[in-house]
Amino acid sequence: MVEKLRQDMVEAMKKKEKERLTTLRMIKGDLDKEHIDKKREINDDLLVEVINRGIKQRKDSIIEFEKGGRNDLIEKTQIEIEILQNYLPEQLSFDEISCIIDEAFKIVNPSGSHDMGKIMKEVQPKLKGRADMKQVSEIIKAKL
């Protein structure tokens, strides 16, 4: 996936796709920064983590833009999110997420909402990068 990102950057340069190139460069910069600052190896897992963080930041920005009435920035940010989602593994459906959460409930056998962390710890490795963890958290809260 990291190599695909590099190839897509070159392709975007050749096709003069300014929006796409800018977004890919931002992610590449974030990836390199993570590599240098935290001395982590650049691999697909790190890329997924950086992209998820970028998508979350952009979703938060959209909320702020809506408050400020900046529709032009909302559209631009939504395009960036769509570009970034192309580099994530295929997202799981609601039913698939629920099934994994149900398995975690069987393993952890929670007695109340104070066991939320144990359940999240159980499902996170299986869902990381393949599901919106905010949605996962909401599903778990509803089941507790």
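A short reminder: the numbers here are calculations on the coordinates, not readings from a lab. In this text, all values refer to a predicted model and were calculated from it rather than measured experimentally. Cβ atoms come from the backbone with ideal geometry, glycine included; neighbour counts cover every protein chain shown.
The table that follows gives values for the structure above.
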| item | result |
| --- | --- |
| Using alpha-carbon coordinates, inclination of helix 18-38 to the longest axis of the chain, degrees | 60 degrees |
| Mean separation of Cα contacts under 8 Å (6+ apart) over length of the range 94-143, as relative contact order % | 42 percent |
| Computed helical MRE - 222 nm, the chain, DSSP H runs ≥ 4 contributing -39500 (n - 2.57), nearest 500 | -26000 deg cm²/dmol |
| Links that overshoot a 25 Å alpha carbon limit, given the list 67/134; 33/141; 106/141; 28/141; 15/38 | 33/141; 28/141; 15/38 |
| Given charges at Cβ of Lys, Arg, Asp, Glu: the chain dipole, positive-most of 35, 61, 87 | 35 |
| Relative contact order computed over the chain (Cα-Cα under 8 Å; 6+ residues apart), in percent | 20 percent |
| Distance between the range 65-115 and the range 121-144 - C-alpha centres, whole angstrom | 8 Å |
| Charge dipole magnitude, Cβ of K and R +1, D and E -1 - the chain, Cα centre, debye nearest 20 | 360 debye |
